[in-house]
Amino acid sequence: MIGIAWKSLCNRWPTALLAVLAIAMSVALILSVEKIRRDARNSFAQTVSGTDLIVGARSGSVQLLLYSVFRIGSPTNNISWQSVEEISERKSIDWIIPLSLGDSHAGFRVLGTTDAYFEHYRFGAKRNLVFAEGKQFDDVFDAVIGSEVAAKLDYRVGDEIVAAHGTGNVALVEHERQPFKISGILEPTGTPVDRAIHVSLQGIEAMHVDWRNGATVKGEGTTAETIRTMDLKPTAVTALLVGLKSRGTVFREQRAINTYRAEPLLAILPGVALQELWSLVSVAEMALMIVSVMVVIAGLVNLMSVLLAGLNERRREMAVLRSVGARPEHVFVLLCIESTLLTLGGIVAGLLMHYIITGLGSLYLMQRFGLSVQLSLPQSIELKILASVAVAGLLAGMIPAFQAYRKSLADGLSQKL
Amino acid sequence: MNDNTQPIVQLRDIEFAWHRNLDPVLAIEDFAIARGEHVFLKGSSGSGKTTLLNLIAAVLQPQAGSITIDGQPLAELRRSKRDQFRVDHIGLVFQQFNLLPFLSVAENVQLSCRFSSLRKSRACQAGLSLDQETDRLLSAMKLSPNEIKHRATSELSVGQQQRVAVARALIGSPPLIIADEPTSSLDSDSRQAFLDLLFSEIESSGSTLLFVSHDAALASSFDRSVDLQDINRVASPNDLSGELP
């Protein structure tokens, strides 16, 4: 029976192929949506580990999380250096990583920070940042670049770069008087770190020495040598990553910072803020999922219509089968086998397409959004999706199969054509 | 069941209507075919020939009367059993489109053996494998097995296709062969050649032949010729409801 079904399908390969393709595309879509959803969550969750609190100017917690850690969007306000110092002096605080954003180089953000960044920043399963080449900055004009910056712009240790004011891809005003020298390149992390250019907080200040009201002052400007001798105490930073000595004090510290009198500040727990982000995003995710399910249904409806449309042309075939002893039940089973073969073909092709899509798309997602989407074997949720598609395909195939059953009962051996 | 004196086909007081509120299209008091007989059933189109064949082939059931094939009253069989009975006992040849286009010639010939172990075992009775028996039947039908066996059926001429269809009907020697206008798509020369082949092979397998046609010119080659209008008490030559072209 399987042989007959297979050969019959091969005989009608153009329509069969279209049916398989429709299912394959819907399967690829639903798998990719699920994959991106999960990997996006993972990728976000991997970016901050080991940080107890994120502190920034008072805004929304999701907004603070996005601009401080994921470098999405712009900060509304800064934290004054005085507040930073006061927070760092609190007893229960172990370390702080100040983050200063606002400049860029060739579309990559320049991040001003301190040595604490390389010491305390953790990603993934509490992994440290590791240098692929060179070392961390110790001069004002030293810069440490992420792996992707190095790969994309083909930079090596010792190259000079010029940062630009603002964060657009096409920079308008460049800090060309204060070029930076690359002192180190980091190993890939799969986080926004890969796309950042790290300089010291003093470096950020140095870039803006000749900066007045959004433009460089006229004249020769200050030389690097002069700048090195200046007192480059930062006036403000964008955000702080805070590590506590004991996690037990996290809510107390959060409340203390949130009620800080000198300046309106916001402290968030990364995990809680992520949850908040997910609950925001889940509406969109749900919409995407619903669309994908619709597409799968459309694929199955197409399968059904292909089989149903074929039935009329195949009444002769059914009559011949009946004349050589096939029972209407055989005809039913034959059609079920066909739809199953088509669905399974669609699932296998869909899986392949999904891998190709994620394989190609992961590069783009990484570069554009810093999302790391890895190829992986189907996991339980994906297997469940595939199983439901298979079952749905079988059910969808039963309708034309039943139709064929009834027709072959009614037609008998007469070849009504 | 295989009592040789018994007729292979026996119809008694048959009445058949497409719906119980409609007038019957067939009403046959008594119609029998003896074993080994070659019967020509004549009837103009629309006279209910195909309906009668469907009754004998156990596809349709009469509202009244009994049909006995090879000693088995059909009314006693459940639907699934009737399908099995048909493939075990009856070989069918149609006017055209006998073959499944996506199967090879050999697969088409062996098709009924997929559904009937009885036909399969009878096909291999002489110690031949199913393939050898297929070759033998194709050769008997003046087809060269090696040339056409694995060809697609669409590459064959209509005459060749009909001969393959006969080979399929004959495989596993069913006691009754029913041919429904098998020659109407052939020209007159190949028609006679086809009949000769059909007769000689049915002769050697000892089967009974019920041959249906509207072409009275063929009747002379048969043992007996029956006009459906003579045995059908419902005289409605213009009633087309019984069969569609």
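Rule-based calculations on the coordinates, nothing more; no lab input. As the structure is a computational prediction, the values presented were derived from the model and not from experiment. Using ideal geometry, Cβ is built from the backbone for each residue, glycine included, and neighbour counts are taken over all protein chains shown.
Quick look at the values:
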item	result
Environment charge of A:Ile268, counting only residues whose C-beta is closer than 13 Å and scoring Lys/Arg +1, Asp/Glu -1	-1
Choice from A:Thr189, A:Thr51, A:Thr76 showing the highest fluctuation, given a GNM over chain A with Cα pairs closer than 10 Å	A:Thr76
Residue among A:Ala196, A:Ala236, A:Ala287 with the largest mean-square fluctuation in a Gaussian network model of chain A, springs linking Cα atoms under 10 Å	A:Ala287
For A:His105, distant residues with modelled amide H under 5 Å away	A:Val110, A:Ala164
Where N is the number of residues in chain A, Cα Rg divided by 2.2 N^0.38 Å	1.40
Karplus (6.51, -1.76, 1.60) ³J(HN,Hα), θ = phi - 60°, over the stretch A:241-256, in Hz, Gly and Pro reported as x	9, 10, x, 9, 5, 9, 4, x, 8, 4, 6, 5, 5, 4, 5, 4
Full-stretch length increase - B:Gln6, B:Ser121 - with 0.36 nm per residue and alpha-carbon distance subtracted	39.0 nm
³J(HN,Hα), Karplus 6.51/-1.76/1.60, whole Hz, each residue of the stretch B:92-98, x for Gly, Pro	10, 10, 9, 4, 7, 6, 7
Highest-fluctuation residue, A:Ile182, A:Ile197, A:Ile357 considered, GNM on chain A with Cα pairs under 10 Å	A:Ile357
Distance between modelled label sites at B:Ser66 and A:Asn258, nm, 7 Å Cα→Cβ extension	9.4
Relative contact order of chain A, defined on C-alpha pairs under 8 angstrom at six or more residues apart (%)	27
Pairs beyond 28 Å (Cα-Cα), from A:Lys35/A:Lys152; A:Lys7/A:Lys384; A:Lys91/A:Lys181	A:Lys7/A:Lys384; A:Lys91/A:Lys181
P(r) weight above 27 Å for chain B, C-alpha pairs, percent	34
Net dipole in debye of the stretch B:9-231 [+1 Lys, Arg Cβ; -1 Asp, Glu Cβ; about Cα centre; nearest 20]	760
Sequence-distant lysines (8 or more away, or on other chains) whose Cα lies within less than 23 Å of A:Lys126	A:Lys135, A:Lys245
Residues listed by number, the stretch A:192-210, amide nitrogen under 17 Å from A:Asp159 label point at 7 Å toward C-beta	A:194-199
Relative intensity, log₁₀ I(q)/I(0), of the stretch A:261-417 from a Debye sum that treats every alpha carbon as a point, q = 0.21 Å⁻¹	-1.30
Amide hydrogen neighbours beyond the local backbone of A:Glu133, cut-off 5 Å, H modeled	A:Ile185
Sites matching trypsin sites (Lys or Arg not before Pro) across the stretch B:20-58 that sit in DSSP coil, with at most 10 neighbouring C-beta atoms within 10 Å	B:Arg20
Average beta carbon contacts from partner chains per residue of B:93-102, 10 Å cutoff	5
³J(HN,Hα), Karplus 6.51/-1.76/1.60, whole Hz, each residue of the stretch A:384-396, x for Gly, Pro	5, 4, 4, 5, 5, 5, 4, 5, 4, x, 5, 5, 4
Hits among lysines - C-alpha to C-alpha of B:Lys49 under 26 Å, sequence gap 8 or more where chains match	A:Lys407, A:Lys416, B:Lys81
Under 5 Å, built H, 5+ apart or other chain: amide partners of A:Phe180	A:Ile161, A:Val162, A:Ala163
Residue-count net charge about B:His89 - beta-carbon cut-off 10 Å; Lys, Arg +1, Asp, Glu -1	0
Label-point gap, in nm, between B:Gln229 and A:Ile72 - each point 7 angstrom along Cα→Cβ	8.6
DSSP loop GluC sites (Glu not before Pro) with at most 16 other Cβ within 10 Å: longest gap in chain A	A:221-417
Antiparallel DSSP beta bridges within the protein assembly as shown, percent to nearest 5	65
